[in-house]
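The structure appears right after this line, and notes come after that.
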Amino acid sequence: MKDLPIAALEQVAAYFQALSEPTRLHILNLLRGGELNVGELAELCDCTSANISRHLAMLMQHGLVQRQSRGTAVYYRIADRSVYSLCDLVCGSIGRRLERTALVRRVFAAGAAERKGQRRASTRPKRSKSQPSPADAARSSRR
């Protein structure tokens, strides 16, 4: 993106905007397996055909999918397979970030549990060596 004019950056932003909707990402993921028609995509995405058609129009506008009419049905397929490399790169980055976050949380949780255990131990009353333990006191009182 270095040295791109504003007009080109706007096109890049629009491309990413096309990828910014979960249903569109789901459609692209489903099309990894091959061509599907609007009805099939609607069923698989649990959406209406009209909704899927709007998403497909946006994806077509940005050159991500192509359509082909066959009789009364229209089938869609991926036009630019490089979108999968981009999505895999982003998913990998998000996965690594989540792993780091989970590790930090585990470290903090372990530290908090350790501090809590130390506080419990420090709040117990201390016995002098001459004072019998509660168990010893109970045994001697039974005698």
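The values are calculated or read from the model by the stated rules, or taken from the named source; none is laboratory data. Small disclaimer: the values here were computed from a predicted structure and weren't measured. Virtual Cβ from ideal backbone geometry, glycine too; neighbours counted across all protein chains shown.
Yes or no, residue by residue, for (1) modelled with pLDDT under 85; (2) under 30 Å from Leu64 (Cα atoms); (3) not polar (S, T, N, Q):
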position: Asp88; (1), (2), (3): no, yes, yes
position: Arg97; (1), (2), (3): no, yes, yes
position: Ala102; (1), (2), (3): no, no, yes
position: Ala110; (1), (2), (3): yes, no, yes
position: Glu114; (1), (2), (3): yes, no, yes
position: Arg120; (1), (2), (3): yes, no, yes
position: Lys126; (1), (2), (3): yes, no, yes
position: Lys129; (1), (2), (3): yes, no, yes
position: Pro134; (1), (2), (3): yes, no, yes
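Screening Ser141 with (1) of a type in the set (Ser, Thr, Tyr); (2) modelled with pLDDT under 90; (3) under 30 Å from Gln11 (Cβ atoms) gives one miss only, at (3).
What do you reckon, is Ala18 closer than 18 Å to Arg81 by Cβ, in contact with a helix residue (DSSP H, G or I) (Cβ under 8 Å, 6 or more places away or on another chain) and of a type in the set (Gly, Ala, Ser)? So Ala18 passes the test.
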